[in-house]
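Here's the structure we're looking at; comments come further down.
Just so it is clear, none of the values below were taken in a lab; they were calculated from the coordinates. Since the model is a prediction, treat every value here as computed from it, not as a measurement. Reconstructed Cβ throughout: ideal geometry from the backbone, glycine too, with neighbour counts over all protein chains shown.
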Amino acid sequence: MLKRLVFGAVFLAQPVMAEQLLVNDALDAHILPRYEVLAESTAHLHDAAQTSCASNAPDLRQAFGQAFDGWVGVSHIRTGPSEENERAFAIAFWPDTKGFTPKSLATLIRDQDPVVQDPVEFKTLSIAARGLYALEFLLYDPAFVSEAKEGYHCDLVKAITTEIARNASEIRNAWQSYQAKLREPSPDGPYRDETEALREVYKALGTGLQFTADARLGRPLGTFERPRPKRAEARRSQRSLRHVEVSLQSTYELALILSQTELDIRQSLRLAFDRAFELAAALEDSDFSGVADPMARFRVEVLQQSILRIMDILTLELAPALGVNPGFNALDGD
Amino acid sequence: MKTVTFLSGIALLATTTSSFAAGHASKTDVLTNYANIAEAKYADSLTTAKALQDAVNALVAAPSAENLQAAKSAWLASRVPYQQTEVYRFGNTIVDDWEGKVNAWPLDEGLIDYVDASYGGATDENAAAVLNVIANPMFELGGTTVDATVITPDLLENTLQEADGVEANVATGYHAIEFLLWGQDLNGHEAGAGARPWTDYAAGDACTGGNCDRRGAYLVAATDLLVSDLMWITAQWSEGGDARAAVFANEDAGISAMLTGMGSLSYGETAGERMRLGVMLNDPEEEHSCFSDNTHNDHYYDGLGVQNVYLGSYTRIDGSVVSGASLSDLVAHDDAALDIEMKTKLADTMKALGAIKHQAEAGFAYDQMLERGNSNGEALIMGGVNGLIDQTRSIERVVAALGVDAIEFEGSDSLDNPSAVFE
């Protein structure tokens, strides 16, 4: 009865186990280790903030960078544990199109809101006032930095880092049980069979690349007439380009896992990712402030194009070869 | 012959289509009914917008509390059919390119009229956030001087809408009109909508808020534009219209467009952008209809629109029903269990969205639900979010079962080269 009109031939030619092996490999070599890195780097960030909470403390800033790298490396894996209890949103709320983060932080500081003393109450705060992007304001934005070693700013930094570390640890721990849903799909679970499990992992790959092209690059690019350098992600800490690179490295890792049985496609992906890495390395524009300059802008546009090229290989070659039909993601819509 | 199926506790809608009875629905039949429903929904939106236009004209001609209330009621009524059209946005390029003119949101309302001091001033994102066109007949915008002495639909549409390339500069459509009727909702997380006095439209010394004549002119121009925009889109879906033709250009792509609309509106747009983000940000401004406190209805009728695309049935504002061959018929023919799953999920979502609507109507306002620490409100809203996310999984299964694999990702190159998807 069940027809698979378009993929029928390809689907039947695929041994069922092959799909499951790809999913298991993605869990073992990508998802679980990268969430482990996030848990460790955010635990370190928490420790650093306890030791020194001043905005300019070198250890704190270094730990912030490592934790942010850890986050960007998993930012495309928005499945199960990261989505429960708003954990991922609480770690990372961006893009902030209405300026909620500075507004929420300013309100907390103005009111000296005692919510920072209570980790349980802190969870009820707007996600805009929590997580790495809020912390970036406190560490790098001239309107929010403070070199004081105690006081409200310090308490807020500690509260934010404590919550980030706890959420990251909860996500890692929750994956220990959640992984079974992907490894052993069942009619009662969120993934009915191997194909649905594989689609979930494949969607993470596509979503990550789309987010990098549309948001990390597309937002500062704006239009030629109206570039938007101030919309670049994490520009205050000069991490905008780095986030593109870290995310590309992580999605590349996943792309190689998912294409391991399709050698021609894998080779196309290698070349396409190599091209994107070269373009990113040559940019020398850490916060994309160059988007207002026609020549510098052109280089950012070419980088964006190279990512769209990778996405085309995924959509037109890898997805049909794997027998996964595309699905919906959180970026669909406006 | 009618096919009626009863499961334990779940009464499934009777399928009354003649094509189903005769054998099974063809994709052509399904697409024809889909286009017919679109035409009916936009025609109903046009009818109710014309009623709004009459009410607005009456308000401006004879300002009074009664006439303002009548205009508000007409606005609320106009949202019922319009929200059910939103499922046609994603997947139908003609609709998606057009809809920003009538339903853009959120807006920096200070562009249009006076705002409370707590609103703030110009922002990093928007230099025109407090431009206040109603108070200023001449102003600078993006480096040029604009003469807005006469407020016309053309000024709104071609100069002010998305001025300076900022999406929050919404000068036209339902939400601009909503702001002009209700004003800002300054109640924060308390119950209550915007409380613009009718005297904001009064003549002479009775005028409050200043420039009442210009405010009236703006309201009339925005409403005229809404009506003409809805006339245009209704024609696109009528016999010989481009939007109708587009869904038949490739039948699989047409079916895919139906499912794209259902999935994108359910997941990324309503569950994500509009509902979940509002809860997580605890911001009463994150309501879809924040001036009128009508957000519960926005979500409800969006959900209903998704459901009636699948079931192929729409109840018009006069109570008549447009129905015919449906996606449900197609799926039932291939995989009856999946059809039941899809119908059940859609019904569950409507139950959850209905709970939000009923609570709001009973006095638990949507902005109260969004308040920091309001766990009951959060649970209500998240019930809707979870239903929408859950039904999206089933929509993905339907895509797989029907073998229409061209779900279009916004921003993807494959959108620009749809033929490549089908090669």
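Between A:288, A:126, A:21, the Cα set farthest toward the positive side of the dipole of the stretch A:2-322 (charges on each charged residue's Cβ, about the Cα centre) is that of A:288. Between the beta carbons of residue A:277 and residue B:205, assuming R0 = 51 Å, the FRET efficiency works out to 0.15 to the nearest 0.05. Listed values for the stretch A:192-202 are Karplus-derived 3J(HN,Hα) couplings in whole Hz (6.51 cos²θ - 1.76 cosθ + 1.60, θ = phi - 60°), namely 6, 8, 4, 5, 5, 5, 5, 4, 4, 5, 4, and x replaces Gly and Pro.
With a simple spin-label model that places each label point 7 Å from the Cα along the Cα-to-Cβ direction, the separation between residue A:84 and residue B:80 comes to 4.2 nm. FRET efficiency for the pair residue B:116 and residue A:223, taken as 1/(1 + (r/R0)^6) with r the Cβ-Cβ distance and R0 = 35 Å, rounds to 0.65. As a rough footprinting exposure proxy, the listed residues B:298, A:293 were ranked by other beta carbons within 10 Å of their own, and the order from fewest upward is A:293, B:298. What is the extension gain from residue B:386 to residue B:248, computed as 0.36 nm multiplied by their sequence separation minus the C-alpha to C-alpha distance, in nm to one decimal? So the chain would gain 46.4 nm between residue B:386 and residue B:248. Gain on full extension, evaluated as 0.36 nm per residue between residue B:136 and residue B:227 minus their Cα-Cα distance, stands at 30.2 nm.
Within the listed set B:215, B:79, B:397, the Gaussian network model of chain B (springs between alpha-carbon atoms below 10 Å) gives the highest mean-square fluctuation for B:397. Leaving out same-chain residues fewer than 8 places away, which lysines sit with a Cα under 25 Å from that of residue A:149? Cα-Cα hits under 25 Å: A:103, A:123, A:158. Rounded to the nearest 500, the helix-only mean residue ellipticity at 222 nm of chain B stands at -17000 deg cm²/dmol, with each DSSP H run of n ≥ 4 adding -39,500 (n - 2.57). Taken about its Cα centre, chain A carries a charge dipole of roughly 620 debye when the Cβ of each Lys and Arg holds +1 and the Cβ of each Asp and Glu holds -1. Each other residue within a Cβ distance under 12 Å of residue B:65 adds +1 if Lys or Arg and -1 if Asp or Glu, for a net charge of 0.
How many angstrom lie between the C-alpha centres of the stretch B:359-398 and the stretch B:272-325? The stretch B:359-398 and the stretch B:272-325 have Cα centres spaced 12 Å from each other. What spacing in nm lies between the two simple spin-label points modelled at residue B:144 and residue A:17, each 7 Å away from Cα in the Cβ direction? Distance between the two pseudo-spin positions: 6.8 nm. Extension gain, residue A:264 to residue A:47: 0.36 nm times the residue separation minus the Cα-Cα distance gives 73.5 nm. What residue among A:74, B:138, A:322 has its Cα farthest toward the positive end of the dipole of the protein assembly as shown, where the charges are +1 on Lys, Arg and -1 on Asp, Glu, each on the Cβ? Value computed over the given set: A:322. Using a Gaussian network model of chain B in which every pair of alpha carbons under 10 angstrom is joined by a spring, one finds that among B:102, B:321, B:398 the greatest mean-square fluctuation is at B:321.
Quick test of your reading: applying the under-4.7 Å Cβ rule, which cysteines of chain B are isolated? By the Cβ distance rule, which asks for a partner under 4.7 Å, the isolated cysteines are B:290. Exposure proxy for B:231, B:382: other Cβ atoms within 10 Å of each Cβ, ordered fewest to most, give B:231, B:382.
The value given for the protein assembly as shown is a Kirkwood hydrodynamic radius of 27.3 Å, derived from the mean inverse Cα-Cα separation.
Comparing A:210, A:176, A:66 in a Gaussian network model of chain A (Cα springs below 10 Å), the most mobile by mean-square fluctuation is A:176.
Note on residue B:187 and residue A:106: the model spin-label points, each 7 Å out from Cα along the C-beta direction, lie 2.7 nm apart. Here residue B:72 is the anchor, and the lysines within straight C-alpha reach of less than 28 Å, apart from those fewer than 8 places off in the same chain, are A:98, B:41, B:50, B:101, B:351, B:357.
Under 18 Å from a label point set 7 Å out along the Cα-to-Cβ vector of residue B:162, the amide N atoms of the stretch B:70-108 belong to B:89-108. Of the Cα atoms belonging to the stretch A:2-322, the radius of gyration and Dmax stand at 20.8, 66 Å. Given R0 = 41 Å, the distance between the Cβ atoms of residue B:379 and residue A:149 translates into a calculated FRET efficiency of 0.50.
When only the Cβ of Lys, Arg, Asp and Glu is charged (+1, +1, -1, -1), the dipole of the protein assembly as shown relative to its Cα centre reaches about 820 debye.
By the count of neighbouring beta-carbon atoms within 10 Å, fewest first, B:87, B:220 end up ordered B:220, B:87.
Residue by residue, the stretch B:379-388 carries 3J(HN,Hα) couplings of 5, 4, 5, 5, x, x, 4, 5, x, 5 Hz when phi is fed to the Karplus relation 6.51 cos²θ - 1.76 cosθ + 1.60 (θ = phi - 60°); x denotes Gly or Pro.
List the relative contact order of chain A as a percent without decimals, with contacts defined as Cα pairs under 8 Å and 6+ residues apart.
Details: 422 pairs, mean separation 72.9, N = 334.
It rounds to 22 percent for chain A.
If you average 1/r across every pair of different Cα atoms in chain B and take the reciprocal, what Kirkwood value do you get, in Å? If you can, show how the numbers build up before the last one.
Working: mean 1/r = 0.0444 Å⁻¹.
Radius from the Kirkwood sum: 22.5 Å.
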